[in-house]
Amino acid sequence: MSGLAQRAGGRDRSLGRSPLVAALDIGTSKITCMISRRSDAVDGEPLIAAAGVQATRGMKAGAVVDLDALERSIRLAVEQAERGADQRINDVVVGVSGPDIRSSIVRAKTQLSGREIVAQHVREVRDAALESFQAAGRKILHYSSLSFTVDGMSGVRDPRGMCADVLAASFVVVSAPQAGLRNIARCIGKAHLNPVALVSSCYASGLSVLVEDEAQNGVVVIDLGGGVTSAAAFDEGDLVHIETLPIGCSKATADLAQGLGTTNAAAERLKTLYGAVALTDVDAFELVEAPRLGADGRLEAAQCTRADIVRILRPRIEELFELLDSQLSRASAAGRPLPRRIVLTGGGSQLVGIREVAEDVFRAPVRLARPANVRGLGEVFGAPAFSSAAGLVRWEMLNGLGAVRPGQVGADGDSAGMLRSLAAWLKENF
């Protein structure tokens, strides 16, 4: 081990921090666990030591429906990653998704009577804003600052060092239903893991796929999951809004199964191998094997064309994008205008022609993205389907190294303390 790695490991131990970072992304269709060593990070980019993935059992549209089945899925994914890393993990950063994860804006101000603004004043106005969040039955997951206002002058990024009579601030808070969090925490606890932080999966996806200029200039990251579609808007480097839909690409799979008269498993395989939503890059008359249910209820050999697949899948994807575009437009009209540039990621973004469909619906430039800010993912885990898991590792690595999370200022600008409190609340409630 190098001297730098030894010093990093010693610092982690002195802070009571594990030398390992483990992420657990709990999605509707799959659960992913990734493990990284803090000493392997270079300029905030983690190196993945090992990863594991398992099909999710016990969840539907982001909600827990079977505690035991979900616990088994978590155990299998974690054990696979532990074997690859030859390490045991206890603490995990958990990615959560669901149709009821949403963002809100909270505001607060403090009187300074002409004094110089210091980090303590920033913390006070931040704490006051977070305490003003009063949504019944909901718990804050994480937050980021929108802007500070100094004596009526808005748009201040870092007010420290200025003199003011009044300091005001607005923050975006991302929250989730307490009941749903309790159920997820119970499954994680039964798997003998400690959830040190909960992060919305779509926000984590943004951390792994966006380049700095995109987050700064404004972009909406759309994560196409199996049971939930979510969008995270970034502007000036900060998270500014989150939208979710209780519809994912599993609906497209069900449409394909219905349209071709086959099973969901066969339809999922067809979608994975030959799925397309536009004929631009495929041969419309190409025949592919598409087994169908016979009179006796068993699968029998059959074929269909790529055009048949496009005809069935495209309407569902168009509907999904139209619903999301409508929600984003309403959010823009009700408050801060959201960026129009789109980045697509998640497993559903691998459908051939999806970029073309997204550009038609959103009337904006669209880019397809896979994890780019994390090293060592390999061919399998470097796919768009694992963007959120990779982003969770990067989120914890940045906070663990003492870096200020985007949109927060001050000596304790990261949200680790607040999320540790959330983890304590979760442990008390499962």
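Readers should treat all values here as calculations from the given coordinates under stated rules, not as data from a laboratory. Bear in mind that the values here come from a model prediction, so they are computed numbers and not experimental data. All Cβ positions, even for glycine, are placed from backbone atoms using ideal geometry, and neighbour counts span all protein chains on display.
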Discussion item. Skipping prolines and chain starts, which residues have an amide H placed within reach, meaning under 5 Å, of the one on Thr229, given they are 5 or more residues away or on another chain?
Written reply: Leu245, Ile247
Discussion item. If I build a Gaussian network model for the chain, linking alpha-carbon pairs within less than 10 angstrom, which residue out of Arg314, Arg375, Arg298 has the largest mean-square fluctuation?
Written reply: Arg298
Discussion item. Can you compute the charge dipole magnitude of the chain about its Cα centre, using +1 on each Lys and Arg Cβ and -1 on each Asp and Glu Cβ, nothing else charged? Give it in debye, rounded to the nearest 20.
Written reply: 960
Worksheet entry | Share, in percent, of DSSP beta bridges within the chain that are antiparallel, nearest 5 | 75
Practice prompt. Would you mind working out the magnitude of the charge dipole of region 321-383 relative to its Cα centre, with +1 at each Lys and Arg C-beta and -1 at each Asp and Glu C-beta, to the nearest 20 Debye?
Written response: 340
Practice prompt. With only alpha-carbon atoms counted, please give the Rg and Dmax of the chain, in Å.
Written response: 22.6, 83
Item to complete: Kindly put Val53, Val118 in sequence by how many other C-beta atoms sit within 10 Å of each C-beta, fewest to most.
Response: Val118, Val53
Fill in: Normalised contact order of region 142-237, rounded percent, pairs of Cα under 8 Å and 6 or more residues apart
19
Worksheet item: What does the helix-only formula give at 222 nm for the chain: each DSSP H stretch with n ≥ 4 adding -39500 (n - 2.57), the total divided by the residues, and the result rounded to the nearest 500 deg cm²/dmol?
Response: -12000 deg cm²/dmol
Worksheet, complete the sentence: With the 8 Å Cα cutoff and a minimum separation of six or more residues, the chain has a relative contact order in percent of 19
Worksheet, complete the sentence: Connecting every pair of Cα atoms under 10 Å apart in the chain and solving the GNM, the largest mean-square fluctuation among Val92, Val352, Val166 falls on Val166
Practice prompt. Return the whole-Å distance between the Cα centroid of region 261-283 and the Cα centroid of region 228-251.
Written response: 25
Fill in: Percent of beta bridges antiparallel (DSSP, region 211-368, rounded to nearest 5)
70
Discussion item. On a straight-distance basis, which lysines could pair with Lys139 in a cross-link, Cα separation under 26 angstrom, same-chain partners fewer than 8 positions away excluded?
Written reply: Lys30, Lys60, Lys109, Lys190, Lys427
Worksheet entry | Computed over region 190-238: relative contact order in percent, which uses C-alpha pairs under 8 Å that are six or more apart | 34
Worksheet, complete the sentence: Largest fluctuation, Pro371, Pro19, Pro195 only, Gaussian network model of the chain with Cα springs under 10 angstrom, belongs to Pro19
Item to complete: Output ³J(HN,Hα) for region 149-158: one whole-Hz value per residue in order, computed from phi by the Karplus curve 6.51 cos²θ - 1.76 cosθ + 1.60 with θ = phi - 60°, and x for Gly and Pro.
Response: 10, 10, 6, x, 8, 8, x, 7, 7, 9
Worksheet, complete the sentence: Quick note on Leu193, Leu323, Leu24, ordering by fewest other C-beta atoms within 10 Å, gives Leu323, Leu193, Leu24
